[in-house]
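The values are calculated or read from the model by the stated rules, or taken from the named source; none is laboratory data. The structure presented is a predicted model; accordingly, all values stated were derived computationally and were not measured. Here the Cβ is made from the backbone with ideal geometry for all residues, glycine too, and neighbour counts use every protein chain on show.
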Amino acid sequence: MRCTAQSASFRSKWWTIGWGVAVVAFALHVAALTLAPISVGQAVLAGGLVFLAVLADRFFGMQLGRRQWIGIGVVAVAEPADADRRRRREERTPATRWRG
């Protein structure tokens, strides 16, 4: 049995570059979460998702549909609000934080 879809994906230059960037980004995300509170790390990750979506649409010609733009908008609004909520909660309970 041949895996033609996977083979075709790896033959695509942009797909392979994107996959490599995703691996590096995951490693950096794990490293960032060891150094900063999760509220900061998750907000930065969500911001990166919004940035990449705009980049893909504007510069790489990827067509994002209405649903995708709505989802990106929700992330762009909700994640900073959640990060602020978590930051305020962490400030109220400093004794329960673990600094390592």
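Miscellaneous remarks
- Looking only at the range 80-100, and only at residues there that are of a type in the set (A, V, I, L, M, F, W, C) and modelled with pLDDT of 70 or more, the one that is farthest from Ala36 (Cα to Cα): Ala81
- Inter-residue pairs, beta-carbon under 6 Å, first closer than 19 Å to Ala56 by Cβ and in the range 9-38, second modelled with pLDDT of 80 or more, 6+ apart: Ser9/Trp15
- Flag if Gly18 is loosely packed, with under 11 Cβ neighbours inside 10 Å and modelled with pLDDT of 80 or more: no
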